[in-house]
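Read the figures in this text as sums done on the coordinates, not as results from a lab. Keep in mind that this is a model prediction, so the values were computed, not measured. Cβ placement follows ideal geometry from the backbone for every residue including glycine, while neighbour counts extend to all protein chains displayed.
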Amino acid sequence: MGLCPSVSPNVRVLKIALIKSRPLSQASKESRRFIRSNMFGTNPYEANSDTRNLLSLITLFLPTHPGCVINQILQHVHGLISRIFTGYQRQLNYKHNDGSYSTFGERGSMIGNTWLTAFVLKSFTQAAAFIFLDQKHIIDAQIFLTLRQLEDGSFQKIGSLLNNALKGGVDDRISLTAYITIALLEMPLPLTHVLVRNALHFLETEAQAEEIHVYTRALMAYAFTLAGNEEKRQEMLDALQKLAVKEDGSIHWERPEKQKKTLDLPYYHPQAPSAEVEMTSYVLLAYVAKELSPSQEELIIATAIVKWLTNQQNPNGGFSSTQDTVVALQALCQYRTITYSKDGVGAKVTLSSGDVSLAKFHVDSTNSLLLQCQDLPSVPGDYTAEVTGCIFMQTSLRYNIQPPQEESPFKLIVQTVPQNCTGPKAHQTFDIAFNISYTGQRVVSNMAIVQIKMLSGYIPVKSTVKLVHTFFGHLLINPIIYLGLQVSNLSQSYSFTVELETPVQGLKPALVKVYDYYETDDFAISEYIAPCSTGGV
């Protein structure tokens, strides 16, 4: 949440009360109060695919954006340079021979993706300000896009991003062209460049249509902002304001075809879908990224958008997916650009519970990128924060409960092999087999993540997991295994072996979950237990 007495950082005191109630089926809990001065947090994701590596790369040089770094903290930026170079080198693993990029590179039959190639082109151009990189990679990507621009100025859609969330009501050709135009202008290429000039002409023509999807309008609004076309920018923003969802002093945008899901859980605050975070972030960029400073009215709207966006952040500073996280962090960074004053008064926060003072925080230009945290001693409880100036704060409550199973677009069946305790070997090792199919409205799912938790005392046999990894593309091994795949209505079957490392009494079932990477509310869950967990042979 953003705590600010007004849009401008006046020195006033603002008091808030925090009340948390215990979930009825809570198994364990951890409560932590986050006092964050920047809104960016820690690195939200580790890189294990093209889009995740791009997120890591982008978030590394976001703090070097002119509005996100100031003279007093320049020394902290130098430590990021080697990590930017590592991200650049890793990104080349996903390059195709024609200069394009795709989610997993040239594995199998995957072809280059127009959207990702534009993303990489922008990222590499921005990274070139901090590291040495081979200009050939930038030229190759630009040539690929040039060859995909059609006569009317639009761009040809090639490749799959494994995210279908924006299809159905969205003209892919218009939204793709708007996105690529944004990437080219952010490089930046001049307005006179043939790629940019033709693309803008196409967008200006399409902007005259009466029916334009809200996501496409958000993209076009930002594209026209970067191009300095104030007339078209204002047309898009005026239309978007009529579609805005305004509640509790915040503003955001939603897809009209997306139905809201509600869960009857204490204090549960569902995270917005990736598409909504992304389109809202583009609108924020359209308000704050124009050449002239935003008007007071525009700044008030931007602040209301920031309020909604920051409420969607997870405890690590990220959002629902890589795609929305990159855009949202960029928008928040740009907002900081126009609201930061190096001569401004530092913010102070006093956190207390009743008459007991828990912590005092001070945020100024010397520590504004520092993540400051304070554990809450008890939940539920009443807490008060006395705030002087403007500050960003976040409350995070972690607990373990099994989420309720509602109607799901995934069908998941999990079983052990053997299913029963049939011999001495079953005490030591068994296979986990699972079948997955997609039953939703699309032909195939978005990228789906299968999350397999290990039973206490058991570990996966890595040689068998690697066979699954070779087939799918990527995974992470910890106490939890993550597999990424795309699912159709045809059942897909997979298995790997686990073995007993440490005997555990009173063994409890472990959870397997499959969920849509871009629409995390779409999920299915199942449990499994060791064949010999309840008795011997």
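I need the peptides 300-306, 149-155 ranked by packing, meaning the mean over residues of other C-beta atoms within 10 angstrom, with the highest value on top. Don't jump to the answer; show the numbers that get you there.
Working: 300-306: 21.7, 149-155: 17.4.
Sorting 300-306, 149-155 by mean packing, highest first, produces 300-306, 149-155.
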Label point distance in nm, ASP375-ASP172, each placed 7 Å from Cα along Cα→Cβ: 5.1
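For LEU490 and GLU230 in one chain, what is 0.36 nm times their gap in residues minus the Cα-Cα distance, to one decimal in nm? Present the calculation step by step, with values, prior to reporting the outcome.
Working: separation 260, 0.36 × 260 = 93.60 nm, distance 4.95 nm.
The LEU490-GLU230 span can extend by a further 88.7 nm.
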Amide H within-cut-off set for TYR528, under 5 Å, with H built and near neighbours excluded: ALA510, VAL512
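Can you pull the semi-axes for the stretch 347-396, root of five times each eigenvalue of the Cα gyration tensor, sorted largest first, whole Å?
Working: eigenvalues 85, 28, 16 Å².
Semi-axes (√(5λ), whole Å): 21, 12, 9.
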Relative contact order (%) - the stretch 410-528, alpha-carbon pairs under 8 angstrom, separation at least six: 36
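Would you mind working out the magnitude of the charge dipole of the stretch 274-389 relative to its Cα centre, with +1 at each Lys and Arg C-beta and -1 at each Asp and Glu C-beta, to the nearest 20 Debye? Please report the intermediate quantities before stating the final value.
Working: 6 positive and 12 negative charges, 46 e Å.
In debye, rounded to 20, the stretch 274-389 gives about 220.
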Estimated vicinal HN-Hα couplings, Hz - the stretch 380-385 in sequence order (Karplus 6.51, -1.76, 1.60; Gly, Pro = x): x, x, 9, 10, 10, 10
Residues of the stretch 418-434 with amide N under 11 Å of a point placed 7 Å along Cα→Cβ from GLU499: 428-430
Of LYS95/LYS157; LYS122/LYS157; LYS95/LYS122; LYS466/LYS508; LYS136/LYS290, pairs whose Cα-Cα distance is over 20 Å: LYS466/LYS508; LYS136/LYS290
Prolate/oblate/rounded call for the stretch 410-528, Cα gyration tensor, a/c under 1.5 rounded: prolate
